[in-house]
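No lab work stands behind these numbers, since they all come straight from the coordinates. These numbers come from a predicted model, not from an experiment. Cβ atoms come from the backbone with ideal geometry, glycine included; neighbour counts cover every protein chain shown.
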Amino acid sequence: MDRARCAAVRADVQPFAREMGLQRPPPMTPVIRSRLARPGDPIAIVEQEHRQHAVVELVIRDLKDQALKHFPSGQFAANGAWTAIAALVHNLLRWTTILGTPEQTVPNARTARRRLLTVPGRLTRHSNQWTLHLPARWPWREDFTTALARIRALTPAT
């Protein structure tokens, strides 16, 4: 950062330093901040913005870990369609997790996929009735059955 830019940033910080009771502002390091927390800002607003930013970063990490890791071709249209489908699948998985297990924190996509979608069960049909047989010692059996019951109990939107 050049001297002129440091001086401009220092001039912008000086009124806040006076409000805080400092004789002069602390020495500037060559780091550009996107938003400074001012003394008058409620801490709840600053924390909410920080949490929203963290959620966006987690979504990007999940998408890079899954579908965006494997773009199908060098064609722009195909990659655009792949990205749109990846976003739809990610949103469906998140809503399934939020609606099915609301008392738990939302895990990353890999964990949610392992617990709710990768089911080591067996489907059988007897007398036109489908039955899902889950392993007795599967660690996420209770979570899966609770989530399935809650999603089945939802009323359809009108």
### Query
What is the local net charge at Val59, summed over the other residues whose Cβ is closer than 15 Å to its Cβ (Lys, Arg +1; Asp, Glu -1)?
+4
#### Entry: Hz values of 3J(HN,Hα) by residue in region 136-146 - Karplus curve (6.51, -1.76, 1.60), Gly and Pro given as x
5, 9, 5, x, 10, 4, 5, 4, 5, 5, 5
### Message
Quick check: residue separation of Leu154 and Thr111 times 0.36 nm, minus the Cα distance between them. What number comes out in nm?
### Response
13.1 nm
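So what's the net charge close to Thr97: Lys and Arg +1, Asp and Glu -1, counting the other residues with Cβ under 14 Å from its Cβ? Write out the running numbers ahead of the final one.
Values: positive: Arg94, Arg110, Arg113, Arg114, Arg115, Arg150; negative: Asp62, Glu103, Asp143.
Surrounding charge for Thr97 is +3.
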### Whole-Hz ³J(HN,Hα) from phi, Karplus 6.51 cos²θ - 1.76 cosθ + 1.60, for region 43-59, glycine and proline x
5, 5, 5, 5, 5, 5, 5, 5, 5, 4, 5, 5, 5, 4, 5, 5, 5
### Task
Decide, for region 33-155, between rounded, prolate and oblate: order the square roots of the alpha carbon gyration tensor eigenvalues as a ≥ b ≥ c, take rounded if a/c falls under 1.5, and otherwise choose prolate if a/b is larger than b/c, else oblate.
oblate
### Task
Sort 132-139, 146-153 for me by packing, meaning the mean count of neighbouring Cβ atoms within 10 Å per residue, highest on top.
146-153, 132-139
#### Entry: Residues whose placed amide H lies under 5 Å from that of Gly121, excluding near-sequence neighbours
none
